[in-house]
């Protein structure tokens, strides 16, 4: 497995997802899912920073890139530095690496834009791109051409991520994209996996979130080992051929937990 495309949804724990997302749960039972995977904190932004950078960087709010200018490399930058590829596809983003929210695009859900090193900014400008639709745009083109990146992050807009709209809307959106991905050359060649996870659960609980892993080699796998968003970062770092950044270096790998 050399490529992973990850879709991050919003603000729902395991019980509500199990009840309200039948398409996602069908994928979970057909391929694989976790039972003890936790987001790292509340609110949204520090969870995205943990995914991208292996740390919350002490951030405790949803401030924009102007308020939180992070130094050092993200996991996307590590991939590029080690000869791999990385790309973020953000739905509704008005232009590449946009630093301001616009319409249903929420910059707080796009972690690459918070990393300010010159190399990171250059890479973000090139590969943090608008999503497009299932029939046209950067992700549809990469799927069709078999050129998905080593590390791909898909950021739905505020409706399709279940932040502002209901889980059934997000469920249908995810199902459409997974169908499209499974028609692509990378999937058919057995070199790509898809992860669907949630940035955080509802407040007041233990922040357990449903994480589904889809790969051609997986069949009804249930992983009960304790994992967190840092486990995703660890897996992406392994794909990048780089040591995991910051706190993720001590985390177990999500990929290894699924035998990928």
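Here are the numbers for the structure shown:
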| read-out | value |
| --- | --- |
| Approximate spin-label separation residue 135-residue 188, in nm, with each point projected 7 Å along Cα-to-Cβ | 2.0 nm |
| The stretch 21-158, relative contact order [Cα under 8 Å, separation at least 6], % | 25 percent |
| Residues in the stretch 101-135 that a label on residue 172 would reach, taking backbone N under 18 Å of a point 7 Å out along Cα→Cβ | 133-135 |
| Förster radius 30 Å - calculated FRET efficiency between residue 159 and residue 2 (Cβ-Cβ, nearest 0.05) | 0.40 |
| Rg followed by Dmax, in Å, when the stretch 99-207 is reduced to its Cα trace | 15.1, 44 |
| Two-site FRET efficiency, residue 206 against residue 256, from Cβ-Cβ distance with R₀ of 30 Å, rounded to 0.05 | 0.80 |
| Between the stretch 50-73 and the stretch 178-247, the alpha-carbon center distance in angstrom | 21 Å |
| Calculated [θ] (222 nm, deg cm²/dmol) that DSSP helices of n ≥ 4 give over the chain, each run adding -39,500 (n - 2.57) | -9500 deg cm²/dmol |
| 37 °C / 0.692 mPa s Stokes-Einstein diffusion coefficient of the stretch 151-260, Kirkwood radius on C-alpha pairs, µm²/s | 213 µm²/s |
| Potential lengthening between residue 96 and residue 249 on full extension [0.36 nm per residue; Cα-Cα distance subtracted] | 52.1 nm |
| [x] 98, 46, 42; [y] 44, 43, 37; [z] 55, 39, 36, with the label sought being that of the calculated Cα extents along the principal axes in Å | [y] |
| Using a Förster distance of 35 Å, the FRET efficiency for residue 117-residue 219 (Cβ separation, nearest 0.05) | 0.25 |
| Overall form of the stretch 200-260 per C-alpha gyration tensor (a/c, 1.5; a/b vs b/c) | oblate |
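Throughout, read-outs are computed from the coordinates displayed, never taken from laboratory work. What you see is a predicted model; the values in this text were computed from it and never measured. Here the Cβ is made from the backbone with ideal geometry for all residues, glycine too, and neighbour counts use every protein chain on show.
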